[in-house]
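K.L.:
I'd like to ask some things about the structure below.
No value in this document is a laboratory result; all are computed from the given coordinates. Keep in mind the model is a prediction, meaning the values are calculated, not measured. Here Cβ is always computed from backbone atoms with ideal geometry, including for glycine, and neighbour counts include all displayed protein chains.
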Amino acid sequence: MLWLVEEGAVISDALVVLLVGLEAEGPDFTIVDMVEDGLDHPTQAALIAHLRRRGAQARPLFLMTRSCTILDLADVGADEAILLCPANHSPPTRVAPYPGAPGYEAVATCLAAPEVRARTAGVIAWRPPEIQGVS
């Protein structure tokens, strides 16, 4: 936690809960859905730097994100993989982290800065009952 704060992270309940889950003894791997949830931009940047420093012996992580701070496509390392899970429920595909690779643009368009993502936090698509079924 001290290292994260020195790197600009802001201590919050979301960060504490996330770190406890990531550092706890447990299964052979950890899955975190929307890892950036509740974390501001500096905290996300410090967190991803910390996670990338863990080394090859660390437990594998599967992080789902829509944050371009967490998943900066230009910073993807050789020991990282990008899996695209399309909204149409097609099977997930591995995406290479360079422009022109199959699926790269789809991944890139799903990512946004924390400030942009915050503007739509909690927003859901909803169609009023009187027009459901109308195309």
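K.L.:
Could you give the dipole magnitude of the chain about its Cα centre, charging the beta-carbon of Lys and Arg +1 and that of Asp and Glu -1, in debye to the nearest 20?
P.N.:
Details: 9 positive and 17 negative charges, 69 e Å.
About 320 debye.
K.L.:
Quick one: net charge around ALA108, please, counting Lys, Arg +1 and Asp, Glu -1 for every other residue with C-beta under 13 Å from its C-beta. Intermediate results must be reported in sequence, preceding the final value.
P.N.:
Numbers: positive: ARG66; negative: ASP72, GLU105.
In short, -1.
K.L.:
How much net charge surrounds GLY21 when only other residues with a Cβ under 13 Å from its Cβ are counted (Lys, Arg +1; Asp, Glu -1)?
P.N.:
For residues surrounding GLY21, the net value is -4.
K.L.:
Continuing with this model, one more query. Tabulate in residue order the Karplus-calculated ³J(HN,Hα) for the range 100-107, using 6.51 cos²θ - 1.76 cosθ + 1.60 with θ = phi - 60°, rounded to whole Hz; enter x for Gly and Pro.
P.N.:
x, 5, x, x, 4, 5, 5, 5
K.L.:
Now for a separate question. Provide the per-residue ³J(HN,Hα) series for the range 45-54, in order, calculated from phi with Karplus coefficients 6.51, -1.76, 1.60 and θ = phi - 60°, each as a whole number of Hz, with x at glycine and proline positions.
P.N.:
My calculation for the range 45-54 gives 5, 5, 4, 5, 4, 4, 5, 6, 8, 5 Hz in order.
K.L.:
Further, regarding this structure: Using R₀ = 25 Å, calculate the FRET efficiency as 1/(1 + (r/R₀)^6) where r is the Cβ-Cβ separation of LEU83 and ILE124; round to 0.05. Walk me through the numbers on the way to the answer.
P.N.:
Numbers: r = 24 Å, r/R0 = 0.97.
The formula returns an efficiency of 0.55 here.
K.L.:
Based on the Cβ-Cβ distance from ASP72 to MET34, what FRET efficiency comes out when R0 is 22 Å, to the nearest 0.05?
P.N.:
Details: r = 17 Å, r/R0 = 0.76.
For R0 = 22 Å, the calculated efficiency reads 0.85.
K.L.:
State the extension gain, in nm to one decimal, for the chain segment bounded by LEU61 and TRP3, taking 0.36 nm per residue of separation less the distance between their alpha-carbons.
P.N.:
On the way: separation 58, 0.36 × 58 = 20.88 nm, distance 2.00 nm.
Full extension of this stretch gives 18.9 nm more.
K.L.:
For each of LEU71, LEU22, count neighbouring Cβ atoms within 10 Å of the residue's Cβ, then give the residues from fewest to most.
P.N.:
Details: LEU71 22, LEU22 19.
If I rank by nearby Cβ atoms, fewest first, I get LEU22, LEU71.
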